Structures are given as C-alpha cells and as structure tokens.
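The values are calculated or read from the model by the stated rules, or taken from the named source; none is laboratory data. Please read these numbers as outputs of a predicted model, since none were measured by experiment. Quick reminder, even Gly has a Cβ in these numbers, built from the backbone with ideal geometry, and neighbours come from all protein chains shown. All accessible areas refer to the heavy atoms of the entire protein, side chains included, with ligands and DNA or RNA removed. Shrake-Rupley method; radii C 1.70, N 1.55, O 1.52, S 1.80 Å.
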Amino acid sequence: MSPSTLVFVEEREGELVPGSLGLLAKAAELGGEPVALLCGSGVRDLAEELGNWGAARVLVAEAPELDGPLAQPRVDVLAGVLERGGYDTVLFENSALTADVAAALAARLYAGVNWDLVDLRMEDGELVGERLAVGDTVLVDVAWTGEPRIAVVRRGILDPSAEGARTADIESVDVAVDERSTRVALVERSSDRSQKTSIETAEVVVAGGRGIGERDNLRLLEELAEALGGAVGVTMPLVDRGWYPYAHQVGQTGHTVRPRLYLACGISGAVQHRVGMEKSGTIVAINSDPTAPIFRYSDVGVVGDMLEIVPRLTQLIRDRGLSA
C-alpha cells in the first residue's frame, strides 16, 4: 500500500529550498500522489512551480505569523492539515527550521520520528527508512510503529528532479495559529556574506582541513575559490577552533555538497568528512601524506604541500583565465 505523503516544502527568502524539491521526487517514487505544503507570507507564486517538481497538489498556508522562519506557527498549520487530511507520512529535509518543526510536531501528535535518513523505500507495503550508524560506516533500516510517520532526511542527500511542465492543484489552507505560538518573534535576520556562493549550490568547492596549519592560510583557499568562481568549505576541526563559520562546514555534522569539482586541501579524509562530499563530480585531493584515506576515493591525488601547490594553482588559473 502506497503511503499518503505530505511533503513540507521550505521557502527561504523568497526561494524554494532545493532539498525540499528532492523530497517531492522521492515521495513520487514511493507511490501515490505527493502533496506539498508551503507555508509563508506571499508564497503563492512559488506554489505554482511545485507541479514541475512532482507535486500533484499544493497546500498553501499564508499568514503574517508565517512570515519569518519560526517553528511553532508551522507546527500549528501542520497539525491542522494532518488532522483534516488523513496523511500517514510527513517528509522533511533537515535544516535549522525543519528540525524544530519536526520535533515539535512529533511531540504534539505523539508520533514517531526517524532522523538523519539517507533514503526511503517501500518494502512489503511498509515504509522503511535507511540511515547511517557507527560513524556512518554501517547502513541500517529503521521503521515506525504508528502514524503519522515523520521522516527527516539528511540535508543535501536527495537531488531535485524536474518532472517537466505540470500543473498542480493549488489549495489555500485555513491558518489557525495558537496565541502561544506567537510569543516568539523574529527580531533580526543576519547571514554570513563573506562569500557570494553557498557551498550547497556552488559548482566548485575548495575545502581545507587541519593540514592548512594556521588560520591565516585560509586566505589561500579563498583566493583559489575566487579564481574558480567557487566557495570555501572546511572540516569540523576548523569550525571548532573558530577559524571559519559553521555555514562552511562539510561533513556528517555539517553540510552535504555535490559540486562538479571538489578540491580537498590538507584533508585526511575521515569518514565523517567523506559522507558530506563523496557524491561530488570530480574529487581532487592535495595532501603531503601519501597514505591519507582521502586518496582512496579521490579521482585525482596530488602528494605535496598544499601551501606551495594551492598558490601556484591559483596563479595558473588567473594567468590563463581558466575556470571550472
């Protein structure tokens, strides 16, 4: 039996989040006609795009309380939709907002939630989730004991898949936001604007690990990324030291990236980092240690000092006007 699936589509600053679109493709793969839920203020125009990404029907909840990225008003909307619509499965892509929404929704409905999933499938009529365990070295199956089943998929795992020109039925949802859900207000929005390109959407990512040696050497990565029109990524130890913002962290506890070109500079290649970038198109590793694990899954390996190689590579790209 195919699940009756509701996909929570996240909107961020007037744009649909790509990972949410990937959820629609996965929901269609599971069977049935996926229904998308879009919450916000002035988002109806975005709803018209969702048919092209596989949504058979789009529920639009618009209200002033939904203008900012606050969880509780969205939990109120979801709880109402689930009560009226009879959905047995709700899909989220993990983010700062959806993590709060999914957890609060599960608590309110006494529902089961499986977190950090890397895939979903139907088996003997039952929904099965797949997640990595033991430091992402073992793939395990997980299930639910009741409904609604809440599934939170790891960020960046699912690729959006356009279905072509398709018109989805769009319905407005009556929004009933509890007064308690409005006690938290968004005071200010800020973002890291140190680079123009997000690591999640960049075609090229130049990443550095502990092998860069010193904080000041991060400028070498920034210069190379700028020359290639890409973004800078870092491993968790660099974020933990306060050398670079979390928004640039690649790996199990950071972001999953899929650029056409991934340049790993001074990165040993621990499994916690690998799971965040192993699906990149071409992986080039620069490391002075010829036994570094990253060479096992890189397409091109360069054994040498990145502090010497990266500046020369940057200059070569600039001199020849090259780009990825």
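Below, the figures for the structure above:
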{"quantity": "Taking the range 186-307 and dividing mean pair separation by its residue count, relative contact order in percent (alpha carbons under 8 Å, at least six apart)", "calculated": "23 percent"}
{"quantity": "The range 198-324 shape via C-alpha gyration tensor axes, a/c threshold 1.5", "calculated": "rounded"}
{"quantity": "Solvent-free Debye scattering, log10 I(q)/I(0), computed from the Cα coordinates of the chain at q = 0.10, 0.13 Å⁻¹", "calculated": "-0.64, -0.99"}
{"quantity": "Label-point separation in nm, Asp216 to Ala185, each point 7 Å along Cα→Cβ", "calculated": "4.7 nm"}
{"quantity": "DSSP-loop chymotrypsin sites (Phe, Trp or Tyr not before Pro) across the range 260-324, with at most 15 other Cβ within 10 angstrom", "calculated": "Tyr297"}
{"quantity": "Within the accessible area of the range 166-324 (1.4 Å probe), percent carbon and sulfur", "calculated": "46 percent"}
{"quantity": "Probe 1.4 Å, accessible area per residue of the range 232-324, Å²", "calculated": "48 Å²"}
{"quantity": "Quarter of Cα convex hull surface for the range 17-104, i.e. mean projection, nm²", "calculated": "5.4 nm²"}
{"quantity": "Set of the range 112-136 residues, backbone N closer than 15 Å to the point 7 Å along the Cα-Cβ line of Val271", "calculated": "131-136"}
{"quantity": "Between the range 99-178 and the range 267-324, the Cα center-to-center distance that results, in Å", "calculated": "34 Å"}
{"quantity": "Stokes-Einstein D (µm²/s) once Rh is taken as the Kirkwood radius of the range 273-324 over alpha-carbon pairs, at 10 °C in 1.306 mPa s", "calculated": "130 µm²/s"}
{"quantity": "With all protein chains modelled, accessible area of Glu214 [1.4 Å, Å²]", "calculated": "120 Å²"}
{"quantity": "1.4 Å probe accessible area per residue over the range 29-91, in Å²", "calculated": "36 Å²"}
{"quantity": "Solvent-accessible surface (1.4 angstrom probe) belonging to Met236, in square angstrom, nearest 10", "calculated": "90 Å²"}
{"quantity": "Nearest-0.05 FRET efficiency for Glu15 and Arg312, computed from C-beta distance (R0 25 Å)", "calculated": "0.10"}
{"quantity": "Inter-site label distance for Val128 and Val142 at 7 Å from Cα along Cβ, in nm", "calculated": "1.6 nm"}
{"quantity": "Alpha-carbon Rg/Rh ratio, for the range 1-153, with Rh computed the Kirkwood way", "calculated": "0.95"}
{"quantity": "Residue-averaged [θ]222 nm for the chain, counting only DSSP H segments that reach four residues, each worth -39500 (n - 2.57)", "calculated": "-7500 deg cm²/dmol"}
{"quantity": "Within the accessible area of the range 1-80 (1.4 Å probe), percent carbon and sulfur", "calculated": "45 percent"}
{"quantity": "Gyration tensor verdict on the range 1-57 (Cα atoms; rounded if a/c is under 1.5, prolate if a/b is larger than b/c, oblate otherwise)", "calculated": "prolate"}
